[in-house]
Amino acid sequence: MMEKIPVIIDTDPGSDDIFAIFLANSSRLDIRGLSVVAGNMKAELTFENGLAIKEFAGMNTKVAFGAEGPMCIEQRVGSFLHGDRGLGKFDIPKPTGSALKQPSWDFIHDEAVRCRGNLVIIALGPLTNLAAAIIKYPDMESLIKEIVMMGGSADYGNRSAYAEFNIWADPHSARIVFDSGIPVRMLGLNVTNRSAIPFNRMGELYRIKSRISRAVEDVFYYYEEYFRKMNIPGIVIHDAVAVAAVIDPSMFCWMKASVKVETQGTLEDGRTLVYHGDEDRVLVGMDIDMDRYVNLCMDMMEYYRKEEEISV
Ligand code: RIB
Ligand code: CA
C-alpha cells in the first residue's frame with residue numbers, strides 16, 4: 001500500500017484553487033493543512049474562502065492564514081475571471097470555524113518538523129508564505145521534501161509577455177524560494193496551458209452529480225465564455241495540474257533546468273528564466289498526458305458522487 005504523502009496546500013482561492021483542493025481531497029494525499037495567502041483576491045476574501053472550502057468539502061484539516069500581500073512591492077491582484085468573491089458564481093456557505101492562531105509560516109515549519117523531512121508543499125499562489133518561512137527558519141531547507149508549484153513559465157506569461165501571475169504578484173518571494181535549495185517542481189504556464197479540458201468533457205464532469213460537481217459548475221461559470229473568446233478549446237485549471245503532478249508525476253514529462261526570477265525588470269518583472277546551467281536543480285513540467293489527467297478529474301467527481309451516495 002502506497003504511503004500517504006503528507007502535504008500542505010498553500011493557496012489563494014481562487015476558482016482553479018478550489019478545484020485543485022477538491023482534487024487533492026479526493027486523492028490519497030495526507031492534507032496536513034491549507035495555508036492561505038492573498039493573491040487572486042485580497043486577503044480577507046482568500047482567507048474566508050480557504051476556511052469555507054475546508055468546511056464545504058468536509059476536510060479534516062487545519063487552516064492557517066498567512067501573508068496579506070507581497071513581501072516588498074505594492075499588491076498586484078488577480079484576474080476578473082474569479083468573480084466578485086473569488087469562486088466564480090459559486091455562493092459558498094460562510095465558514096463557521098476559525099483558522100489556527102499561528103500564521104502560515106510558523107504552521108508550515110512546525111508541520112515540517114512533525115513530518116520529519118517528508119512534507120511536500122503544493123504552492124498554488126504567490127510564494128510569500130513560503131519565503132517568510134524560509135527567512136524565519138534556517139532549517140527549512142532540510143525539512144521540506146519538495147515544493148510542487150503552479151507558477152512561472154518556460155515560455156510566455158499571463159500577466160505580461162513573460163510573467164505568470166503567482167510569480168509576478170511577489171517576485172522577491174519567488175526568488176527566495178527558487179534560490180533556497182529546497183527541491184522545486186515547477187508547473188508553469190508552458191505546461192498548464194496544454195491542459196485545457198475540452199468543453200464536452202467538462203460537461204461530463206458536471207454530469208457526475210454531487211454537491212461538489214454542482215459547485216464546480218458554478219465556480220467555472222465565467223470560464224467557458226472566457227476561454228472560448230480566447231480560442232482555447234477548453235477550460236484550463238492551472239492549479240489542478242500542480243496537484244496532479246503530486247498525485248502522479250509520471251503523467252508529465254520533466255526537464256531538469258535552472259530557474260532564476262527577474263525582480264528588477266520593467267517589461268520582464270516576475271519572469272522565470274528557465275535555462276540549462278551548471279547545477280540544474282528544478283524539475284520543470286514540459287508536457288502532460290491529457291487522457292490520464294482528464295481521467296483523474298473524472299475519478300475525483302466519481303469519488304464525491306459515491307461519498308454523497310453513502311452519506312444519504
Ligand atoms: O497564473 C495562474 C495562477 O494564478 C493560478 O494559481 C491562479 O489561481 C492564480 O493564482
Ligand atoms: Ca492559485
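The values are calculated or read from the model by the stated rules, or taken from the named source; none is laboratory data. Since we're looking at a predicted model, the values are computed, not measured. Ideal geometry is used to build each Cβ from the backbone, glycine not excepted, and the neighbour counts take in all protein chains shown.
Pairing each residue of the range 104-121 that is within 12 Å of residue 147 (Cα to Cα) with any residue that is part of a helix (DSSP H, G or I) and of a type in the set (S, T, N, Q), provided the two are 6+ apart or on different chains, yields no C-beta distance under 6 Å. Could you tell me which residue of the range 1-52 is surrounded by the most Cβ atoms within 10 Å (Cβ to Cβ), considering only residues that are more than 13 Å from ligand 2 (Cβ to nearest atom) and aromatic (Phe, Trp, Tyr)? Once the filter is applied, the top-ranked residue is 22. Of the set (1) within 16 Å of ligand 1 (Cβ to nearest atom); (2) under 22 Å from residue 128 (Cβ atoms), all apply to residue 244 but (2).
Every residue, every condition in (1) within 16 Å of ligand 2 (Cβ to nearest atom); (2) hydrophobic (A, V, I, L, M, F, W, C); (3) out of contact with any strand residue (DSSP E or B) (no Cβ under 6 Å at 6 or more places or on another chain), yes or no:
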{"site": "118", "(1), (2), (3)": "no, no, no"}
{"site": "124", "(1), (2), (3)": "yes, yes, no"}
{"site": "128", "(1), (2), (3)": "yes, no, yes"}
{"site": "146", "(1), (2), (3)": "no, no, no"}
{"site": "149", "(1), (2), (3)": "yes, yes, no"}
{"site": "156", "(1), (2), (3)": "no, no, yes"}
{"site": "163", "(1), (2), (3)": "yes, yes, no"}
{"site": "169", "(1), (2), (3)": "yes, yes, yes"}
{"site": "173", "(1), (2), (3)": "yes, no, yes"}
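Pull up the range 63-73, narrow it to residues that are more than 15 Å from ligand 2 (Cβ to nearest atom) and under 15 Å from residue 165 (Cβ atoms), then point me to the one that is nearest to the chain's Cα centre (by Cα). Quick ask: steps written out before the conclusion?
Let us first name the residues in the range 63-73 that are more than 15 Å from ligand 2 (Cβ to nearest atom), namely 63-65, 68-69, 71-73.
Still in the list and also under 15 Å from residue 165 (Cβ atoms): 69, 73.
Working: 69: 17, 73: 22 Å.
That would be 69.
For the range 17-37, the candidate set comprises residues that are small (Gly, Ala, Ser) and part of a helix (DSSP H, G or I); within that set, the residue that is farthest from ligand 1 (Cβ to nearest atom) is 24.
A single entry from 280, 269 fulfils the requirement of being outside any strand (DSSP E or B) and either over 15 Å from residue 156 (Cα atoms) or small (Gly, Ala, Ser) (or both): 280. Can you name the residue in the range 206-231 that is at pLDDT 95 or above and over 20 Å from the mean Cα position of the chain (by Cα) and is also surrounded by the fewest Cβ atoms within 10 Å (Cβ to Cβ) among such residues? Checked the range 206-231; the qualifying residue surrounded by the fewest Cβ atoms within 10 Å (Cβ to Cβ) is 207.
Suppose the filter is modelled with pLDDT of 95 or more, surrounded by 14 or more Cβ atoms within 10 Å (Cβ to Cβ), more than 16 Å from ligand 1 (Cβ to nearest atom) and within 20 Å of residue 17 (Cβ to Cβ); does residue 289 pass it?
Values: modelled with pLDDT of 95 or more: yes; surrounded by 14 or more Cβ atoms within 10 Å (Cβ to Cβ): yes; more than 16 Å from ligand 1 (Cβ to nearest atom): yes; within 20 Å of residue 17 (Cβ to Cβ): no.
Answer is no for this residue.
Looking only at the range 38-83, how many residues end up being in a loop (DSSP other than H, G, I, E, B), of a type outside the set (Val, Ile, Thr) and within 16 Å of ligand 1 (Cβ to nearest atom)? Adding up the residues that qualify gives 15.
For the range 89-114, enumerate the residues that are part of a loop (DSSP other than H, G, I, E, B), out of contact with any Leu (no Cβ under 8 Å at 6 or more places or on another chain) and surrounded by 13 or more Cβ atoms within 10 Å (Cβ to Cβ). Spell out the reasoning first.
Let us first name the residues in the range 89-114 that are part of a loop (DSSP other than H, G, I, E, B), namely 89-103.
If we keep only those that are out of contact with any Leu (no Cβ under 8 Å at 6 or more places or on another chain) as well, we get 89-94, 96, 100-103.
Within the range 89-114, 89, 90, 92, 100, 102, 103 qualify.
Taking the criterion of being within 11 Å of the chain's Cα centre (by Cα) and more than 18 Å from residue 78 (Cβ to Cβ), the only residue of the range 24-39 that qualifies is 24. Cβ-Cβ distances below 9 Å connect the following pairs, each with a first residue in the range 64-82 that is farther than 16 Å from residue 173 by Cβ and of a type in the set (Ser, Thr, Tyr), a second residue that is part of a loop (DSSP other than H, G, I, E, B) and within 15 Å of ligand 2 (Cβ to nearest atom), and a separation of six or more residues or different chains: 79/40; 79/158; 79/159.
Restricting 283, 273, 267 to those that are aliphatic (A, V, I, L, M) and surrounded by 18 or more Cβ atoms within 10 Å (Cβ to Cβ) reduces the list to 283.
Output the residue which, of all residues in the range 273-293 that are under 16 Å from residue 147 (Cα atoms) and of a type in the set (Val, Ile, Thr), is nearest to the chain's Cα centre (by Cα).
Checked the range 273-293; the qualifying residue nearest to the chain's Cα centre (by Cα) is 284.
Just to be sure before I move on: is residue 193 modelled with pLDDT of 95 or more and closer than 19 Å to residue 8 by Cβ in the structure I sent?
Details: modelled with pLDDT of 95 or more: yes; closer than 19 Å to residue 8 by Cβ: no.
Answer is no for this residue.
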